Amino acid sequence: MFWWPGASGIVDRWQSQSAAIYARDLARYRAEAVAADQSLHAALGAEPWAQRKARLDALSIATKPDEFAFVRRSHPELHLAAVRLSGRILLAGAVMGVVLYPLSRFSIAISLPAGGLAYVIAIYLIRAIEPEEWRLARDGLLARLRPSPRTA
């Protein structure tokens, strides 16, 4: 076999760089999968032990970056949003659509506020959002509307 002089040093460097990249990716994917599991557990609160154990088992047997990525893809519940999409939220969207349909012939300046108001009222009346989520939304909106001390 033909071997270029000094090539073994190049190959050794490539192997060490590949091992470093692999270790970094493994640590990153594992940390992302574990963080997603912990945030899901915190969001769910009391969840069935069998469901939690299935996720923990999947995390414990994963040994490669692609396996951790697969755990995240195969357990879509690890990607829960802060406000879960529910039938009530969809119903509030339908109410907004019913309100907006007759207003479609009018200007956007009329239909946009009317649609937004209809949606917020429907969300409130249907109780699609928890009181804590209302508080967070209200605080966030008020923080944006109030001038910050730097700009005042």
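When each of VAL95, VAL34 is scored by the number of other beta-carbon atoms lying within 10 Å, the sequence from fewest to most is VAL34, VAL95.
Amide hydrogen proximity for GLU47: with H placed 1.01 Å from N in the peptide plane, no residue at 5 or more positions away or on another chain lies under 5 Å. Quick note on the stretch 87-145: its Rg to Rh ratio, both from C-alpha atoms and Rh being the Kirkwood radius, is 1.05.
Coupling constants for the stretch 96-104 follow from the phi torsions by the Karplus curve (6.51 cos²θ - 1.76 cosθ + 1.60, θ = phi - 60°), and in residue order they are 4, x, 5, 5, 6, 4, x, 8, 5 Hz; glycine and proline get x.
Listed from fewest to most Cβ neighbours within 10 Å, the set LYS53, LYS64 follows the order LYS53, LYS64.
Where a number appears in this text, it was derived from the coordinates with a stated rule and is not lab data. Computed from a predicted model, the values in this text were never measured in an experiment. When we count neighbours, we look across all protein chains shown, and the Cβ atoms used for this are built from the backbone with ideal geometry, even at glycine.
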